[in-house]
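Take a look at the structure below.
The values are calculated or read from the model by the stated rules, or taken from the named source; none is laboratory data. Quick caveat, the model's predicted, so the values are computed rather than measured. Cβ sites come from the backbone with ideal geometry, for glycine too, and all protein chains shown count toward neighbours.
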Amino acid sequence: MSIASDRMDSKLRVNMRLSVVEGLLAMPLVFFAMPGNFLLASMMTGAIGLKESVYGVIASLPAWANVVQLFALPWLTRRFSQKVICLVFSWIHLCCWVAVGYALPRIAMGGEWHSPLLIVGLFAVGALAFALVNVSWTSWVQEWLPTKGRGKYLGRRNRLLQISTVAFLVSSSWFLGYWKENAIFGFQMIIFVSVAMRAVSIVLQLRILPTKRVADERSSKLLDQFSSILKNTALIRFVVFGATFGFAANVMGPFFPVFYYKVLGMSVEEVARLAMLATTTGALMMPFWGRVCDKYGCRISLMVALSVWMGTGYLHQFARPDEVGILYLIWGIGGVAGSGFLFGSFSMILKLIPAEAKTAAISFNLAASSLSAAVAPILGGLLFSWVQARFQDQVGAFHVISLVHHSVVISTGILLLGIAEPKAATLTQAIGAMRPLRQLGTLMGVSFLANYSFFRKGEEEQSEEGERN
């Protein structure tokens with residue numbers, strides 16, 4: 001018995017090391033794939049020369065992909081394991097980015113392949129593959145990572161991924177600044193390096209083996225699972241809030257980096273510094289928000305963080321091409337408040353998801369939140385193009401749009417008042433259940449949340465006691 005236990009412990013230690021290394025190697029491409037991040041915005045609207053309306057469609061693709069996966073994943077789950085789904089679609093996603101890197105000079109403005117339809121189609125396939133990878137990894141990780149020690153391990157892993165993200169931001173922004181006269185080549189090299197690192201990451205994932213027996217969801221009836229979800233009033237109300245917030249935030253949210261580039265005249269390096277500042281302040285304040293959630297509840301944390309986050313955004317009224325210093329204050333405080341909002345969202349959803357319909361609940365939340373968020377960037381792109389063509393005073397137009405944007409987003413907090421919050425969190429398995437908010441965190445500056453997993457204090461000890469019993 002002890003020999004089998006030693007073998008299992010040895011296998012687990014190997015898996016944990018592999019997961020850390022593969023996560024570090026995957027981070028550059030994972031960040032690039034997030035919608036609305038400043039690198040993608042610069043590449044699309046600057047290097048490739050796409051119209052803002054087309055960029056809005058591309059920014060909405062991951063949200064549409066989340067809707068499609070709601071129907072695709074149950075069909076795949078009945079036929080393949082979560083590991084197979086994750087790895088196969090990881091390779092498909094990788095191939096899409098290989099194609100993007102190779103074709104970049106040809107799909108740029110003036111290139112022989114420059115076609116918005118081709119570019120959108122390529123990114124659509126990549127977005128769908130990425131959505132399936134995220135949800136399947138959510139379930140697969142439970143096959144080898146025991147509940148005991150999970151929070152401590154993922155906390156350490158996430159801190160290392162944060163360092164990897166910051167290192168990527170620093171190096172990529174410096175490289176693009178060095179090759180600013182040939183931005184296409186700069187982006188091409190960054191993509192190829194990111195792809196190579198991700199390829200090694202996937203190979204390492206192949207070596208991860210299961211360490212415990214898990215429930216087989218392939219025989220579960222999908223209708224029974226969704227019936228359980230629809231009976232959960234608090235969960236449905238929170239999903240409605242998430243959908244409303246996602247729509248309001250994504251109409252103009254992905255275009256703030258574009259405003260910075262085209263209206264305020266900022267460089268990629270300057271915007272990268274803003275993102276790194278928000279990443280740092282958000283990560284440092286994460287323990288504080290954990291204590292707030294434990295003491296006052298997730299709903300209070302959400303409302304306070306949302307008010308501070310959007311309230312600070314009103315300071316955009318003082319931003320001008322010759323006065324961009326105020327943005328550092330906005331993003332610094334925004335990183336703190338944004339991390340609190342996203343932390344509260346994760347903690348709340350962990351409380352609300354029913355254990356008997358875990359995968360279905362994750363997919364349902366993704367689809368519902370993403371459906372509204374998918375339409376928003378398309379409308380935002382049309383609005384951005386209209387503003388550029390209509391108004392001479394671009395800075396003044398930016399101020400008005402910013403004022404309306406932050407006012408509408410902060411008003412969605414009213415929906416939180418009607419949500420009954422459970423007293424205790426009972427589910428720690430739903431890693432990645434709030435992917436739309438992870439994506440929003442990326443474009444708002446708190447990019448370290450792209451791979452963050454949350455565990456309430458005490459869950460680990462409770463799980464350990466349950467296993468002993």
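Quick notes on this structure:
- Qualifying positions in the range 310-354 - outside any helix (DSSP H, G or I) and either within 30 Å of ASN365 (Cα to Cα) or in contact with a helix residue (DSSP H, G or I) (Cβ under 9 Å, 6 or more places away or on another chain) (or both): ALA319, ARG320, PRO321, VAL324, ILE353, PRO354
- Within the range 278-322, the set of residues being under 13 Å from LEU416 (Cβ atoms) and of a type in the set (Val, Ile, Thr) comprises ILE300, VAL304.
- Some residue of the range 33-54 being assigned to a helix (DSSP H, G or I), more than 26 Å from GLY265 (Cα to Cα) and among the charged types (D, E, K, R): no
- Test for PHE71: is it aromatic (Phe, Trp, Tyr), in a helix (DSSP H, G or I) and at pLDDT 90 or above: no
- Failed condition for LEU160, given (1) surrounded by fewer than 17 Cβ atoms within 10 Å (Cβ to Cβ); (2) in contact (Cβ under 8 Å) with a residue 60 or more places away in the chain; (3) not in a helix (DSSP H, G or I): (3)
- Counting only residues that are surrounded by 14 or more Cβ atoms within 10 Å (Cβ to Cβ) and without any contact (Cβ under 8 Å) to a residue 40 or more places away in the chain, the range 319-329 holds 1 of them.
- PHE187 meets all of the listed conditions (1) touching a residue at least 12 places away in the same chain (Cβ under 8 Å); (2) within 20 Å of VAL98 (Cβ to Cβ); (3) surrounded by fewer than 18 Cβ atoms within 10 Å (Cβ to Cβ) but one, namely (3).
- Scanning the range 25-57 for residues that are under 16 Å from the mean Cα position of the chain (by Cα) and farther than 17 Å from ILE184 by Cβ yields a count of 12.
- Only residues that are in a helix (DSSP H, G or I) and free of Cβ contacts under 8 Å to residues at least 24 places away in the same chain were counted across the range 359-396, and they come to 5.
- Residues (in contact (Cβ under 8 Å) with a residue 12 or more places away in the chain, part of a helix (DSSP H, G or I) and farther than 15 Å from ARG198 by Cβ) located in the range 104-126: LEU104, PRO105, ILE107, PRO116, ILE119, VAL120, LEU122, PHE123, ALA124, VAL125
- Residues within the range 57-114 that are over 26 Å from PRO377 (Cα atoms) and among the hydroxyl-bearing types (Ser, Thr, Tyr), tallied: 3
- Test: residue in the range 296-309 that is out of contact with any Phe, Trp or Tyr (no Cβ under 9 Å at 6 or more places or on another chain), over 30 Å from TRP386 (Cβ atoms), without any contact (Cβ under 8 Å) to a residue 40 or more places away in the chain and not in a helix (DSSP H, G or I): no
- Applying the set (1) buried (at least 18 other Cβ atoms within 10 Å of the Cβ); (2) more than 21 Å from the chain's Cα centre (by Cα); (3) modelled with pLDDT of 90 or more to PHE130 leaves exactly one unmet item: (2).
- Residue list for the range 29-56, filter: more than 16 Å from LEU382 (Cβ to Cβ) and among the aliphatic types (A, V, I, L, M): LEU29, VAL30, ALA33, MET34, LEU39, LEU40, ALA41, MET43, ALA47, ILE48
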